[in-house]
Amino acid sequence: MLAAMNLDEFRRHAHAFVDWMAEYLERVETYPVRAQVKPGEIAARLPLSPPEHGEPMEQIFADFQSVILPGMTHWQHPSFFAYFQANTSPPSLLAEMLTATLGAQCMLWQTSPAATELETRVLDWLRQMIGLPEGFTGVIQDSASSAILCAILTAREQASGWRVNEEGVSGSLTVYCSSETHSATEKGATIAGLGRRNVRKIPVDDRFAMRPDALETAIATDLAAGARPVCVVASLGTTGVGAMDPLRPIGEVCRRHAAWLHVDAAWAGSALVLPEHRWLLDGIEHVDSFVFNPHKWLFTNFDCSAYFVRDPDALVRTMEILPAFLKTRERGQVIDYRDWSVQLGRRFRALKLWFVLRSYGQAELRRMIAAHIDLAREAAGWIEAAPDFELMAPRSLSLITFRYHPAGVDGAELDRLNERLVEALNDSGALYLTQNRVRGAYAIRLVIGQTRTERRHVEAAWKKIAETARALPR
């Protein structure tokens, strides 16, 4: 029977694991990007019952490599072009090791003062880096979905005179987003008790951005029907095509009707470190809350979502419940971040962000993001120049939406052809793409933004896409 691991054994295994981690990052390109297993294949290799006695770490780690690793999709592969990236970087990984070792639960200032005060400072660094004006206060959420939920809940409470938390939802409280907006808005409204039927999906223009005139019409219609508009979610960088909603005219509509304006910039927000993209913030003075994810495109391990609010007191009033066991003598003098989000327990997420910002510095982060955008601009040019491919939407930063369109193939047959193309490419393991629907037609998304992606990876991806497409039987 094995005794519990002592610290000497821990040290030995930890050194071996760090060596493996560095080797993994060096050779991640040798793995298929997407896991090449069938449903149930990994589970079939796992025992049905837990072990009665401890097993040697050497055996556990060997099983990790032989059983678990084949079932992992390699998000850190430089040919990962699917969804939006969830990036790591060496400084972020080092910080995560320290965070795990400390094992702190940072719900209150008292439970780890440094965690609270570092989070406050590092979020203000981020605010400055992306050009948000003074007056916004930041907090780290686990994801942009949680931030949207916080925005909807705060908007709900403010609109109801702070009654819903006590009395429950009554009447129709409506939420607005574009038809391109992430499903997290609909889910947030559902969780907040407003109901899916009270989410209005506003039509978009020819660049897939929310139409402010259509928003005004929808709100007027709801007001006439006795509903209360409470929240509008605008997007900077929609998931499908990367559309950018115009904040100023949307904000002016919100102000006229006293509706909370939340901006979901989960992916595109990182590009605001580049001054040439700050035009996207025109109208920011009308915005009540704003979120972007450093864990997407700022090279910080998942999860780390930066949520900024103009009125933190409204957020705290919405989230705060104070049982006796959470009272501390410092209350009222410090920030207790457990009142700023849905969850009570909080990881020390600020540490990895601090490591990344200090290790890279603003100049290098700007250079890396600009390089990804330049690569996307070049790749979009290759697609436009190909006679049998076409862009399905304007390139947005580092997101390209396109399809294969050989002569004589249209409609449902063209959709099936592109679906087969995506499946063939992903099954190859050479790269990973995801699909979308653009005005009802099947489209392919390619996002450039993985930490280690270089021009050679993008060039190889385009070559593989074109060769695979032209070899498909029709």
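For the chain, a Kirkwood radius taken over Cα pairs fed into Stokes-Einstein (4 °C, viscosity 1.567 mPa s) yields D = 53 µm²/s. Cross-link partners of Lys187 among lysines, defined as those whose alpha carbon lies under 16 angstrom from its own and excluding same-chain residues fewer than eight positions apart: Lys201.
Listing Arg211, Arg346 from fewest to most neighbouring C-beta atoms within 10 Å gives Arg211, Arg346.
Mind pulling the per residue volume of the convex hull built on the Cα atoms of the range 357-471? Å³ is fine.
Numbers: hull volume 12.0 nm³, N = 115.
Cα convex hull per residue, to the nearest whole number: 105 Å³.
Within a straight-line Cα-Cα reach of under 18 Å, Lys352 can be paired with the following lysines, leaving aside sequence neighbours fewer than 8 residues apart in one chain: Lys296.
Peptide packing: for 366-379, 156-169, the average count of neighbouring Cβ atoms within 10 Å per residue gives the ranking 366-379, 156-169, highest mean first. Neighbour counting of Cβ atoms within 10 Å sorts the residues Lys38, Lys296, Lys352, Lys201, fewest neighbours leading, into Lys38, Lys201, Lys296, Lys352. When only alpha carbons of the range 1-131 are considered, Rg and Dmax amount to 19.2, 59 Å.
All C-alpha to C-alpha distances of the range 104-347, sorted into 10 Å bins beginning at zero, yield P(r) values of 8, 33, 36, 19, 5, 0 percent in whole numbers. Full extension of the chain between Trp162 and Phe17 gives 47.1 nm of extra length, using 0.36 nm per residue less the Cα-Cα distance. Where in the chain are the DSSP H helices whose C-alpha atoms run 15 Å or more along the long axis and whose mean Kyte hydropathy is at least 0.5? Helices passing the filter in the chain: 90-102, 144-159. Backbone N atoms of the range 337-354 closer than 13 Å to the 7 Å Cα→Cβ label point of Leu102 belong to residues 346-354. Straight-distance candidates among the lysines for linking to Lys38, with alpha-carbon spacing under 16 Å and chain neighbours fewer than 8 residues away dropped, are absent.
Here's the picture: charge each Lys and Arg Cβ at +1 and each Asp and Glu Cβ at -1 in the range 357-471, and of Ala370, Ala443, Ser428 the one pushed furthest to the positive end of that dipole is Ala370. Each peptide in 100-111, 187-198 receives the mean, over its residues, of other Cβ atoms within 10 Å, and ordering these scores from highest gives 187-198, 100-111.
Sorting Glu134, Glu180 on the 10 Å Cβ count, fewest up front, what's the list? If you can, show how the numbers build up before the last one.
Details: Glu134 8, Glu180 23.
Least crowded to most crowded, the residues run Glu134, Glu180.
Counting only DSSP beta bridges with both residues in the range 104-347, the antiparallel share comes to about 40 percent. Placing a label point 7 Å from the Cα of Val169 along the Cα-to-Cβ direction, the residues of the range 240-277 whose backbone N falls under 17 Å from that point are 260.
No lab work stands behind these numbers, since they all come straight from the coordinates. Computed from a predicted model, the values in this text were never measured in an experiment. Methodologically, a virtual Cβ is constructed for each residue, glycine included, from the backbone with ideal geometry; neighbour enumeration extends over all protein chains shown.
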